[in-house]
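The structure appears right after this line, and notes come after that.
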Amino acid sequence: MAKISINVAKGKIDAPELHETIIGIDLGTTNSLVAYIDECNHQPICLAKNGKHTLIPSIIHFEENGNILVGDEAKAKIVESPERTVFSVKRLMGKSFGDVKDFKNFFSYEVIDDNTESLVKIKIGNQFYSPIELSSLILKELKATAEAALNKSVTKCVITVPAYFNDTQRQATKDAGKLAGLDVLRIVNEPTAASLAYGIGLKKEEEKKIAVYDLGGGTFDISILHIQSGIFEVLSTNGDTFLGGDDLDKAIVDYWLENVDGLKAAYSNSFNTQQAVRMYAEQSKKSLACTNSTHHQLENFSLNLTIEKLEELINPFVEKTLQCCAKALTDAGLKQSDIEAVIMVGGSTRSPFVKQKVSEFFNQPVNDSLNPDEVVALGAAIQADVLAGNQKDILLLDITPLSLGIETMGGLMDVIIPRNSKIPTRAGRTYTTSKDGQSQIKISVFQGERDLVKDNRKLSEFVLSGIPGMPAGFPKVEIQFTINADGILMVKAKELRSGVEQSIEVKPQYGLTDEQVEKMLIESIENAKDDMAVRGLQEAKTEAEQMILVTEKFLQKNESLLAAEEISTTKNLLIELKNSLQQPERNLIHKRMDELNQFTRPFAERVMDIAIADAMKGKKILE
Ligand code: ADP
Ligand code: MG
């Protein structure tokens with residue numbers, strides 16, 4: 001199968017394959033959609049199976065007989081058979097049990113921790129499913145929907161994910177696509193897709209800073225993007241992974257339970273009543289987007305709601321989202337007046353009250369002309385079209401949330417790609433060895449902001465072996481980090497003198513939550529002073545060890561050229577330097593190094609072994 005490849009440097013498509021439909025998929029927490037670009041009018045359109053809605057609930061139901069239902073049919077089973085109905089699987093993508101144990105009660109199905117693998121599994125009956133498998137069932141339904149609507153087979157797609165999704169979550173999403181029989185050409189950030197749907201970022205000369213406000217069924221995300229020359233850079237993201245339309249529905253249900261006589265008892269006694277009350281709450285909320293009051297009759301209970309009451313109920317939630325917006329602006333280093341467009345995404349932004357509050361916050365009208373359920377899928381279709389070669393010069397950029405680097409001598413973190421770097425990116429550095437004849441080097445990859453690797457998170461480790469015997473300091477080991485446009489890290493190590501090389505794709509076993517990333521950053525700031533002291537000491541030690549090594553070699557090699565007094569004093573100074581290494585006194589180590597250096601310099605210059613000195617100078621050393 002021919003592959004479409006993108007020239008990252010130029011942002012161009014190298015080999016477009018014509019006339020093939022690539023679909024855009026919004027794989028949502030609550031609802032999913034699939035869209036494509038109509039060949040006649042070149043407009044993006046969301047697809048539906050005959051007579052159905054474009055919105056497919058991201059819900060899967062497993063019938064006792066082995067039959068699997070996805071979408072509306074599955075949603076209908078949620079109250080009657082909660083333990084066999086999976087919703088919100090997106091929350092579990094790329095997560096370990098440890099990541100989700102605090103909100104395990106949120107799920108009505110069984111989320112289990114499998115010891116053989118760190119990623120969560122879901123148990124239905126006596127079958128185990130991974131979030132990847134479950135997501136692939138939703139993706140299969142979307143693929144089938146597109147195929148039914150277009151009347152042809154579809155194999156290629158673009159899938160959107162939240163901007164804050166990490167490597168593992170993106171990889172898991174790609175894997176789900178593969179499992180559904182789809183070739184996932186690109187993982188795209190949801191706010192980027194939304195922006196594309198509004199046509200922002202499609203023109204090469206355009207430069208804009210925008211805010212994408214996404215209030216969905218269960219989650220809230222705010223993203224601040226900087227768009228320049230067709231490049232989408234995420235400046236910051238914020239949000240709440242447990243705040244969305246479902247919470248608004250629940251607030252309405254609670255209000256009725258408190259205020260409608262006898263409803264509480266009926267509600268606690270019957271699943272059907274629960275389902276009906278919840279359904280009426282959502283319906284009332286939705287219809288209040290265009291009327292002033294609603295009424296539903298459930299048996300002898302009158303379920304009324306006015307627009308004023310609704311606004312009062314949802315105001316605290318909306319306020320929370322605005323606080324997130326304020327934080328995102330601060331993180332991006334921007335003010336409201338810097339934002340040139342505000343884009344509304346997610347079904348819950350249909351509410352006029354939400355629109356008004358957001359508009360007031362950003363002090364400008366919001367972009368709401370497109371269907372907020374559909375914007376992400378429509379944008380994904382546009383991105384798919386870009387990949388198909390129909391629109392040139394658009395490249396998506398993302399940022400790395402934490403620094404990436406390797407462990408160097410003394411357990412120090414040597415950052416290769418700093419945090420907040422734009423991706424795709426590539427960076428490298430040359431290192432050397434500490435021992436003579438060292439034939440292999442261990443490369444340990446870490447993520448985090450602390451100076452010592454033990455305080456950071458290990459992502460992976462591999463060994464570069466087969467290095468031919470050379471004196472310490474001679475090998476030139478080039479370590480190169482590449483993060484591709486999907487955010488996947490590749491690490492390559494190459495010994496340049498011999499050409500020996502080794503590379504790995506780093507797939508961390510499980511992802512970090514936003515809170516963990518935040519915690520790691522806070523810790524790094526709190527410990528910055530201590531860390532710097534430890535690093536300073538460690539660096540002094542490493543430098544001293546190099547100096548001892550070089551000096552001892554020098555003495556050995558040049559004995560015949562030196563005076564007896566030169567040799568004995570140098571040996572004494574070496575002993576003093578070695579002793580100083582026993583104490584945590586950086587200044588003392590530096591003093592002893594200076595003494596040794598001063599004494600040996602005159603005669604060293606005489607007979608210096610240039611090769612060794614050159615080889616060692618200014619190099620970082622691997623263990
Ligand atoms: P997700 O991105 O999480 O998959 P969606 O963007 O599909 O979610 O949003 C679903 C939410 O939008 C639901 O909570 C639904 O009740 C809400 N919603 C849909 N239409 C309206 C409306 N007219 N007014 C308020 N909320 C609405
Ligand atoms: Mg969404």
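The values are calculated or read from the model by the stated rules, or taken from the named source; none is laboratory data. Keep in mind that what you see is a predicted model, and the values were worked out from it rather than measured. With ideal geometry, Cβ positions are generated from the backbone for all residues, glycine too; neighbour counts draw on all protein chains shown. The protein model used for the area step is the full one, side chains on, heavy atoms only, and it has no ligands, DNA or RNA in it. Shrake-Rupley method; radii C 1.70, N 1.55, O 1.52, S 1.80 Å.
At least 1 residues that are open to solvent by 60 Å² or more (accessible area, probe 1.4 Å) and over 30 Å from S270 (Cβ atoms) in each: list the helices (runs of 4 or more DSSP H) lying fully within segment 70-154 that qualify. Answer list for segment 70-154: 131-150. For first residues located in segment 357-372 and within 17 Å of F220 (Cα to Cα), partners that are within 16 Å of ligand 2 (Cβ to nearest atom) and charged (D, E, K, R) and lie 6+ apart or on another chain with Cβ distances below 7 Å form the pairs P372/R350. Scanning segment 334-354 for residues that are polar (S, T, N, Q) and away from ligand 2 (no atom under 16 Å from the Cβ) returns Q336, S337.
Quick grid of which residues meet (1) more than 16 Å from ligand 2 (Cβ to nearest atom); (2) in contact (Cβ under 8 Å) with a residue 40 or more places away in the chain:
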position	(1), (2)
L235	yes, yes
D246	no, yes
A251	yes, yes
A265	yes, no
A289	yes, yes
E312	yes, no
A332	yes, yes
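When A9 is tested against (1) among the aliphatic types (A, V, I, L, M); (2) open to solvent by less than 10 Å² (accessible area, probe 1.4 Å); (3) modelled with pLDDT under 85, just one condition goes unmet, and that condition is (2).
Residue-by-condition table, conditions (1) within 30 Å of Q538 (Cα to Cα); (2) at pLDDT 85 or above; (3) over 21 Å from the mean Cα position of the chain (by Cα):
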{"site": "V345", "(1), (2), (3)": "no, yes, no"}
{"site": "G389", "(1), (2), (3)": "no, no, yes"}
{"site": "K392", "(1), (2), (3)": "no, no, yes"}
{"site": "T408", "(1), (2), (3)": "yes, yes, yes"}
{"site": "D414", "(1), (2), (3)": "yes, yes, yes"}
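Taken residue by residue, segment 25-34 has no member that is within 16 Å of ligand 1 (Cβ to nearest atom) and either of a type in the set (K, R) or outside the structural domain of P131 (by TED's automatic domain parsing) (or both).
Within segment 87-94, is even one residue more than 16 Å from ligand 1 (Cβ to nearest atom) and either at negative phi or among the β-branched types (V, I, T) (or both)? Within segment 87-94, none of the residues are more than 16 Å from ligand 1 (Cβ to nearest atom) and either at negative phi or among the β-branched types (V, I, T) (or both).
Residues of segment 175-204 that are more than 14 Å from I343 (Cβ to Cβ) and surrounded by 21 or more Cβ atoms within 10 Å (Cβ to Cβ): A176, G177, A180, L182, L185, R186, I187, V188.
For segment 358-377, the candidate set comprises residues that are among the hydrophobic types (A, V, I, L, M, F, W, C) and in contact with a Cys (Cβ under 7 Å, 6 or more places away or on another chain); within that set, the residue that is least open to solvent (accessible area, probe 1.4 Å) is A377.
For (1) out of contact with any strand residue (DSSP E or B) (no Cβ under 7 Å at 6 or more places or on another chain); (2) outside the structural domain of K77 (by TED's automatic domain parsing); (3) within 15 Å of ligand 1 (Cβ to nearest atom); (4) open to solvent by 40 Å² or more (accessible area, probe 1.4 Å), each residue gets a yes or a no:
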| site | (1), (2), (3), (4) |
| --- | --- |
| K209 | no, yes, no, yes |
| H226 | no, yes, no, no |
| E233 | no, yes, no, no |
| V253 | yes, yes, yes, no |
| N269 | yes, yes, no, yes |
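So, in segment 314-354, how many residues would count as being in contact with a Leu (Cβ under 7 Å, 6 or more places away or on another chain), among the aliphatic types (A, V, I, L, M) and within 16 Å of ligand 1 (Cβ to nearest atom)? Total satisfying the criteria: 2. When N115 is tested against (1) modelled with pLDDT under 85; (2) closer than 23 Å to T219 by Cα, exactly one condition is not met: (2). Taking the numbered list (1) in contact (Cβ under 8 Å) with a residue 40 or more places away in the chain; (2) open to solvent by 20 Å² or more (accessible area, probe 1.4 Å); (3) β-branched (V, I, T) in turn, V463 passes all entries but (1). Within segment 427-442, restricting attention to residues that are among the hydroxyl-bearing types (S, T, Y) and in contact with a Pro (Cβ under 9 Å, 6 or more places away or on another chain), the residue that is surrounded by the most Cβ atoms within 10 Å (Cβ to Cβ) is T433.
In segment 40-58 there is at least one residue that is within 25 Å of G346 (Cβ to Cβ), free of Cβ contacts under 8 Å to residues at least 40 places away in the same chain and crowded, with 17+ Cβ neighbours inside 10 Å. Restricted to segment 155-197, and to residues there that are part of a loop (DSSP other than H, G, I, E, B) and within 16 Å of ligand 1 (Cβ to nearest atom), the residue that is nearest to the chain's Cα centre (by Cα) is F165.
Counting the residues of segment 36-58 that are more than 23 Å from F220 (Cβ to Cβ) and either away from ligand 1 (no atom under 14 Å from the Cβ) or part of a strand (DSSP E or B) (or both) gives 16.
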